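The values are calculated or read from the model by the stated rules, or taken from the named source; none is laboratory data. On a predicted model such as this, the values are computed, not experimentally measured, just so you know. Virtual Cβ from ideal backbone geometry, glycine too; neighbours counted across all protein chains shown.
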Amino acid sequence: MSFSIAGKTAIVTGAANGIGLAIGRQFLEKGANVMFADMDEKRLIAEVGDRAGDENVRYFAGDLREKLTTANLLSATLDAFDQVDILVNGARQVMASDPLDGDDESVVALLNQNVIPTMRLSQLVARRMIKQRGSDPDRPGGSIINLSSIAARRTHPDLLGYSVASAALDQLTRSLAVALAPYRIRVNAVAFGSVMSASLQGTLRENSSYRSDIEDHTPLSRIAAPAELADAVQFLASEGSGFMTGQILTLDGGRTLLDPVAAPAH
């Protein structure tokens, strides 16, 4: 079983920091060509700008909520590497929202940030993958990996919009997996719990007691490192998962195994 992605070309969104950056860097270490994409051009330049002249590294800054930007990202990738084999939809945002508030702006914002760009870019990249595959029935079409969250299953009242967007991402993953299976394009997702992302680091700086709360509610009693998520994404990108599609791979240290009721109710 091979987990190699050497020689493959990957687009990684949300790649200026945290989880997306860790995935992009690991892909580079494993021999892939990587297009790092993010809205934050300044941070992209700081993280990968000095390597952008290397033959296997490029970066693209733009707002993927805009259709033209999505098309430009794919064009830039093809100009640099001539193909695209892997898409990691890692651009995501966490935003608190009051479920009893009549203002739906946060829910709409999260759908527009976390779901719609993922759908558009996946569709666009899939069409390119189909074209690349041509008439060769034995050639793998490609791999699309979405970053989701256990919030899709473990509802928190203050994360209404994020939970809804995560559930939508999971269903998008399954639907695209079925639609693209005839072209041997696999679509999977990683739903994760607490990973030491840039946003979580900021939260812990503001409230250090939150760390113990996370650890107490996680059977493995720790927060995952971004590199651990990158390992899972590499597995889904490789032919080692070649018979796997439409799956939501959970990395949460066991948190979704816990019964939220303190005492047995049955």
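Working only within segment 141-163, note down all residues that are under 17 Å from THR218 (Cβ atoms), in contact (Cβ under 8 Å) with a residue 60 or more places away in the chain and either buried (at least 22 other Cβ atoms within 10 Å of the Cβ) or charged (D, E, K, R) (or both).
ARG153, ARG154
What number of residues within segment 1-55 are crowded, with 19+ Cβ neighbours inside 10 Å and either more than 19 Å from the chain's Cα centre (by Cα) or β-branched (Val, Ile, Thr) (or both)?
Adding up the residues that qualify gives 9.
Among the numbered conditions (1) under 19 Å from ILE145 (Cβ atoms); (2) in contact (Cβ under 8 Å) with a residue 60 or more places away in the chain; (3) not acidic (Asp, Glu), tell me where ARG255 comes up short.
ARG255 satisfies all of (1) under 19 Å from ILE145 (Cβ atoms); (2) in contact (Cβ under 8 Å) with a residue 60 or more places away in the chain; (3) not acidic (Asp, Glu) except (1).
When only residues in segment 127-140 that are more than 17 Å from MET244 (Cα to Cα) and not charged (D, E, K, R) count, which is surrounded by the fewest Cβ atoms within 10 Å (Cβ to Cβ)? Show your work before the answer.
Let us first name the residues in segment 127-140 that are more than 17 Å from MET244 (Cα to Cα), namely 127-137.
The next check asks that each one be not charged (D, E, K, R); those that pass are 129-130, 132, 134-135, 137.
Working: MET129: 23, ILE130: 16, GLN132: 16, GLY134: 8, SER135: 5, PRO137: 7.
It comes out as SER135.
Among the candidates ARG174, ARG222, ARG186, single out the residue that is crowded, with 19+ Cβ neighbours inside 10 Å, in contact with a Gly (Cβ under 9 Å, 6 or more places away or on another chain) and not small (Gly, Ala, Ser).
Numbers: ARG174 fails: crowded, with 19+ Cβ neighbours inside 10 Å; ARG222 fails: crowded, with 19+ Cβ neighbours inside 10 Å.
Residue meeting the stated conditions: ARG186.
Rundown of residues vs (1) of a type in the set (Asp, Glu); (2) within 25 Å of VAL84 (Cα to Cα); (3) out of contact with any Pro (no Cβ under 6 Å at 6 or more places or on another chain), yes/no style:
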residue	(1), (2), (3)
SER166	no, no, yes
VAL178	no, yes, yes
ALA181	no, yes, yes
ASN188	no, yes, yes
LEU200	no, no, yes
SER208	no, no, yes
ASP231	yes, yes, yes
LEU236	no, yes, yes
ILE248	no, yes, yes
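Is at least one residue of segment 175-198 under 20 Å from the mean Cα position of the chain (by Cα), at pLDDT below 95, under 18 Å from ARG92 (Cα atoms) and in a helix (DSSP H, G or I)?
yes
For a quick check of your reading of the model, give me the residue pairs whose first member lies in segment 1-23 and is free of Cβ contacts under 8 Å to residues at least 40 places away in the same chain, whose second is in a loop (DSSP other than H, G, I, E, B), with beta-carbon atoms closer than 9 Å and at least 6 apart or on different chains.
ALA6/LYS30; ALA6/GLY31; ALA6/ALA32; GLY7/GLY31; GLY7/ALA32; GLY7/ASP85; ALA16/MET39; ALA16/ASP40
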